[in-house]
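First comes the structure, then the notes that go with it.
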Amino acid sequence: MRVLIAPDKFAGTLTAVEAAAAIAEGWRRRSPDDVMDLVPMADGGPGFVDVLHASLGGELLAVTVTGPYGDPVPATVLLHGGRGGTAYVESAQACGLHLTPEAERDPERATSRGVGELLVAALDAGAGTVVVGLGGSGTNDGGAGLLAALGAVAEPADALDCGPSSLATLESVDVSAARDRVAGVRLVAATDIDSPLLGLIGTTNLYGPGKGVAADRLQAVDATLERLVGATDKKVALARGAGAAGGLGFALLLLGGTREPGIGLVAEAVGLAERARQADLVVTGEGAFDFSSRSGKVPYGVAAVAAHAVRPCIALAGQVLIGSREMRALGVESAYAMVDVVGEQASFADPAGSLARLAERVARTWSH
């Protein structure tokens with residue numbers, strides 16, 4: 001029996017690569033003759049580069065970029081196909097929420113400059129296409145820092161570099177140098193977020209609270225992004241995906257980039273559809289499997305590919321928070337939870353071992 005194992009990360013405990021390995025280890029204990037095809041997945045957020053490197057190979061370029069509060073942070077650029085090929089970068093490596101302890105977060109000062117520096121590194125490496133995975137950001141600056149790193153200039157001079165707080169003083173922006181810097185290069189924003197930049201369904205109101213923006217500051221912070229939009233392009237701010245990753249989507253679209261669904265882009269890059277056709281069973285998973293998984297998350301995307309290949313798809317998760325009817329609406333035959341097998345405490349204490357135990361038990365039902 002051939003089993004395709006294509007999980008997302010288990011947030012806070014396991015990367016997608018680690019999760020796939022744990023599922024395979026547990027499955028083999030029960031069914032050692034089954035053939036495992038490990039395809040760790042991502043939707044553009046944390047783990048995007050590692051997942052693609054695990055499946056595609058390519059050259060990893062180590063760089064140091066500016067973190068959300070100015071400190072240097074390590075990051076990587078994945079170059080696939082050599083000069084003229086495709087570079088993959090992950091915004092969360094430069095401005096991710098996980099980079100700063102919760103007590104020290106101040107999203108009104110956080111900058112996305114480091115993401116722009118990742119783009120510069122990809123351009124310097126000779127990439128013909130640069131794919132930017134968007135997700136998990138701790139910034140809310142509309143991509144102003146990214147624009148500055150690529151050469152955009154503003155009045156006052158530092159208005160783009162210190163988060164929404166400095167955008168409050170913004171008078172004008174010239175992005176022509178930034179556009180020249182990426183001229184001739186295909187830019188792709190990989191995200192499943194389709195919200196605009198501004199307003200009640202914009203990045204600040206939807207995602208700002210999760211980054212630490214106080215409820216009584218949401219309107220003011222949104223107003224600072226409106227100043228950036230007024231100085232650049234109001235039409236782009238309304239585009240689908242402009243609100244992704246604190247507005248990094250807006251900056252990339254402003255530079256002539258396009259938006260592609262993250263899960264679809266990764267699935268195509270790793271050849272998921274063909275690999276699903278060769279499998280007898282598809283196994284996916286994530287930390288918490290609930291109905292929000294329909295919103296562009298990995299399990300829903302993997303299940304859709306499995307359905308197209310007419311293969312059953314099951315999910316393994318830390319917790320399963322929906323019933324069988326909702327599972328089927330997501331295209332998943334059955335879902336199984338680690339906490340039901342080993343308990344919540346053990347699931348967090350030994351996530352890889354717990355996931356392997358769950359996979360071993362599930363193999364009793366699904367392996368031939």
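The values are calculated or read from the model by the stated rules, or taken from the named source; none is laboratory data. Since the model is a prediction, treat every value here as computed from it, not as a measurement. Methodologically, a virtual Cβ is constructed for each residue, glycine included, from the backbone with ideal geometry; neighbour enumeration extends over all protein chains shown.
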- Of the residues that make up region 305-316, is at least one buried (at least 18 other Cβ atoms within 10 Å of the Cβ), under 18 Å from Ala24 (Cβ atoms), out of contact with any strand residue (DSSP E or B) (no Cβ under 6 Å at 6 or more places or on another chain) and touching a residue at least 60 places away in the same chain (Cβ under 8 Å)? no
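Please pick out the residue among Gln345, Gln278 that is among the polar types (S, T, N, Q), surrounded by fewer than 22 Cβ atoms within 10 Å (Cβ to Cβ) and touching a residue at least 12 places away in the same chain (Cβ under 8 Å). Talk me through it step by step, then tell me what you get.
Working: Gln345 fails: touching a residue at least 12 places away in the same chain (Cβ under 8 Å).
Just one listed residue meets the conditions, Gln278.
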- Residues of region 238-262 being touching a strand residue (DSSP E or B) at 6+ places or on another chain (Cβ under 8 Å) and part of a loop (DSSP other than H, G, I, E, B), in sequence order, are Ala239, Arg240, Gly241, Leu255, Gly256, Gly257, Pro261
- Residue, surrounded by the most Cβ atoms within 10 Å (Cβ to Cβ), within region 224-275, restricted to residues that are in contact (Cβ under 8 Å) with a residue 12 or more places away in the chain and basic (Lys, Arg): Arg259
- Task: Look through region 169-192, keep the residues that are part of a loop (DSSP other than H, G, I, E, B) and not hydroxyl-bearing (Ser, Thr, Tyr), and return whichever of them is farthest from the chain's Cα centre (by Cα).
- Result: Glu171
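Just checking, how many residues over region 206-223 are surrounded by fewer than 19 Cβ atoms within 10 Å (Cβ to Cβ) and of a type outside the set (Lys, Arg)? Can you show your working first?
Of region 206-223, the ones surrounded by fewer than 19 Cβ atoms within 10 Å (Cβ to Cβ) are 206, 209-210, 214-220, 223.
Of the ones still in play, those that are also of a type outside the set (Lys, Arg) are 206, 209-210, 214-216, 218-220, 223.
Looking only at that region, the number is 10.
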- Message: When you scan region 264-282, do you find a residue that is assigned to a strand (DSSP E or B), within 30 Å of Pro351 (Cβ to Cβ) and not assigned by TED's automatic domain parsing to the domain that holds Gly138, even just one?
- Response: yes
- Message: Going through Pro68, Pro74 one at a time, which residue ends up being at negative phi and free of Cβ contacts under 8 Å to residues at least 24 places away in the same chain?
- Response: Pro74
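Out of Ala306, Ala352, Ala359, report the one residue that is part of a helix (DSSP H, G or I), within 14 Å of Pro7 (Cα to Cα) and in contact with a Gly (Cβ under 6 Å, 6 or more places away or on another chain). So that I can check it myself, show each step before the final result.
Working: Ala306 fails: in contact with a Gly (Cβ under 6 Å, 6 or more places away or on another chain); Ala352 fails: in contact with a Gly (Cβ under 6 Å, 6 or more places away or on another chain).
Testing whether each residue is part of a helix (DSSP H, G or I), within 14 Å of Pro7 (Cα to Cα) and in contact with a Gly (Cβ under 6 Å, 6 or more places away or on another chain) leaves just Ala359.
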- Message: For the list (1) of a type in the set (Ser, Thr, Tyr); (2) assigned to a loop (DSSP other than H, G, I, E, B); (3) farther than 29 Å from Asp8 by Cα, I need the number of the one condition that Ser166 fails.
- Response: (2)
- Query: Assuming Asp8 fulfils every condition listed in (1) closer than 28 Å to Gly128 by Cβ; (2) under 16 Å from the mean Cα position of the chain (by Cα) apart from one, which condition is it?
  - Reply: (1)
